[in-house]
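Heads up, the thing below is written out as C-alpha cells.
The values are calculated or read from the model by the stated rules, or taken from the named source; none is laboratory data. Please read all numbers here as calculations on a predicted model, not as lab measurements. Using ideal geometry, Cβ is built from the backbone for each residue, glycine included, and neighbour counts are taken over all protein chains shown. Accessible surface areas use protein heavy atoms only, side chains included; no ligands, DNA or RNA. Shrake-Rupley method; radii C 1.70, N 1.55, O 1.52, S 1.80 Å.
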Amino acid sequence: MDLSLTESQQKLKDTAREVFEVECPTSLVRAMEQDDRGYPADLWERISGLGWSGLPFPEELGGSGGTLTDLAVLLEEFGRSLVPGPFFNSVAVVGLTLLDAGTDAQRTELLPRIADGSVIATAALLDANARYGPDSVSMTAERRDGGYVLNGTKMFVEYANSADLMLVPARSDGGVVLLLVPASADGISLTRLDSIARDPQFAVEFSGVFVQDGVVGDASQGNEALKRALDRAALLHCAHCIGGAQHVQEMTVEYTKQRVQFDRAIATFQSVQHDCADMVIAIDSARLATYDAITKIEDGQSADKEIALAKSLTNHAYKWTTLTAQQIHGGIGFMEEYDLQLWTRRAKVAELKFGASSGHVETFAQQMGLK
C-alpha cells in the first residue's frame with residue numbers, strides 16, 4: 001500500500017505541525033491538565049478559524065470537502081502535539097455521524113455550526129459496562145408524547161462540561177436509537193472523573209430527560225448508524241495515537257544521540273538501536289493497517305477485519321513505544337518535569353478507547369475463520 005501523502009495532505013500536515021509547535025507547546029498541555037475546562041478558547045478559535053473543524057464536511061455545509069484520510073492525517077498532528085480540546089468528539093464522532101446518518105435538516109442546521117466551532121458536541125457512548133457497540137447499550141429511551149425520555153448514566157464523556165450537544169445512544173422498544181440531546185436539558189448532571197490522562201471526563205446522569213426532536217436520522221437504523229460511527233471513530237483514534245507514538249519515537253532517538261554512557265552516546269549500543277528500530281516497525285505497521293482500513297471504508301467496503309487489526313496494532317505500538325522510551329530514558333522519563341510522561345499516561349488511556357486489544361484480537365480471529 002502506498003502511504004505517500006498527496007500534495008494537499010502534505011501541506012495540511014506541515015501547516016498543522018507548524019501551528020501546534022508554536023501554539024500548543026507542552027507547557028500549555030501541562031497547564032490544561034489543571035484547567036477546569038481543559039483547553040484554551042483561543043486555540044479552539046484558531047483551529048476552527050483555519051477551517052480544520054469543517055475539514056470532512058461538504059463545502060455546501062460549511063466544510064472544505066476533505067476525505068476521511070485527510071482528517072486522519074490532521075489527527076496524527078493533534079496526537080503528536082497532545083492538542084487538548086473537544087475537536088475529536090465534536091468533528092470526528094458527532095459531526096461525521098450527522099453527515100452519515102442525520103436528516104437533511106440536522107445536517108443543514110448543525111454541521112455549519114460544528115464546522116465554524118460555534119457549536120461543540122460530544123459523544124456519550126459508554127454505559128456503566130464500559131463496552132462499545134449496539135449490544136452494550138443499556139440506557140433506556142422510553143417513547144412518550146412524541147419524544148423520548150432518557151434515564152441512565154453515561155461514562156467517560158469527554159468535555160461534557162463544554163458541550164452544547166451530546167450524541168447519546170439509548171435502547172428503546174425498537175432497538176438502539178441515536179439521540180441529540182442539548183447539554184443544558186433539565187435532568188442532566190455531571191460528575192467529573194479522575195483520569196490518568198488528566199483530561200476532562202465525566203459521568204453524565206440522565207434523570208427523566210425529555211428529548212422532543214433529537215432522533216438522528218431514521219430511528220429504526222440506530223444500530224447500523226452507531227456501528228458505522230464507532231468504526232470511523234476507532235480508526236481516526238488510531239491515527240491520533242500514531243501521531244503520539246511517532247513523536248515519542250523521534251524524541252527518544254534524539255535523546256540517545258545526546259545521552260553519553262561509558263564515554264559513548266547510548267545510540268551506539270546495539271540493544272538501544274534494536275529498541276528504536278522496533279519502535280519504527282510497530283508504528284509503521286499500525287499506520288499501514290489504519291490507512292488500509294480507512295481506504296476500505298471510504299470505498300464502501302466491509303472492513304471489520306481491517307479495523308480490528310488496526311486497533312490491535314495501534315494499541316501495541318503506542319503503549320510499547322512509550323514504555324520502551326521510558327526504559328531507554330531511565331529514571332528521568334518518569335519525572336513529572338520531563339515531557340515523556342505526558343505521552344505515556346495518554347497512551348494508557350488511548351489503549352482502552354474504542355476497545356481494548358483483547359476484543360479486537362477476538363474479532364480479527366473470527367474474521368479470519370479461526371474461531
Between the modelled labels at residue 164 and residue 298 (7 Å from Cα along Cα→Cβ) the distance in nm is 2.9 nm
Compare 14, 186, 42, 339 by solvent-accessible area with a 1.4 Å probe and give them largest first, with all protein chains kept in place.
186, 42, 14, 339
Taking 7 Å along the Cα-to-C-beta vector as the label spot, tell me the residue 207-residue 22 distance in nanometres, rounded to one decimal.
4.9 nm
Considering only protein heavy atoms and a 1.4 Å probe, what is the carbon-and-sulfur percentage of the accessible area of region 293-344?
56 percent
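Rounded to the nearest 0.05, what FRET efficiency do residue 358 and residue 67 give with R0 = 41 Å and r taken as the Cβ-Cβ distance? Could you check? If you can, show how the numbers build up before the last one.
On the way: r = 31 Å, r/R0 = 0.76.
Efficiency, from the Cβ-Cβ distance: 0.85.
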Please state the charge dipole magnitude for the chain, taken about the Cα centre, from unit charges on C-beta atoms (+1 on K and R, -1 on D and E), reported in debye and rounded to the nearest 20.
900 debye
Looking at region 275-371, how many pairs of lysines come closer than 23 Å at the Cα, when each pair is eight or more places apart or spans two chains?
12
Using a basic spin-label model with each label point 7 Å from the Cα along Cα→Cβ, how many nm lie between residue 195 and residue 336?
2.0 nm
Can you work out the accessible area per residue across the chain, with the rest of the protein chains kept in place, probe 1.4 Å, in square angstrom?
44 Å²
With θ set to phi - 60° and the Karplus curve 6.51 cos²θ - 1.76 cosθ + 1.60, what are the ³J(HN,Hα) couplings of region 102-107 in order, to the nearest whole Hz, using x for Gly and Pro?
x, 6, 4, 5, 5, 5
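Excluding residue 62 itself, what net charge comes from residues whose Cβ is under 13 Å from its Cβ, given Lys and Arg +1 and Asp and Glu -1? Working shown, then result.
Values: positive: 107, 113; negative: 59, 60, 109, 116.
Surrounding charge for residue 62 is -2.
In debye to the nearest 20, how big a dipole does region 77-207 give about its Cα centre with +1 on each Lys and Arg Cβ and -1 on each Asp and Glu Cβ? Write down the numbers at each step before the final one.
Working: 10 positive and 16 negative charges, 39 e Å.
For this selection, approximately 180 debye.
Under the rule that an exposed site lies in a DSSP loop and has at most 11 other Cβ atoms within 10 Å, name the longest stretch of the chain with no GluC sites (Glu not before Pro) of that kind, not counting the sites themselves. Write out the running numbers ahead of the final one.
On the way: sites that count: 336, 337.
Counting only loop sites that pass the neighbour cut-off, the longest clear stretch is 1-335.
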Nearest 10 degrees, 0 to 90: helix 222-258 Cα axis against the chain principal axis:
20 degrees
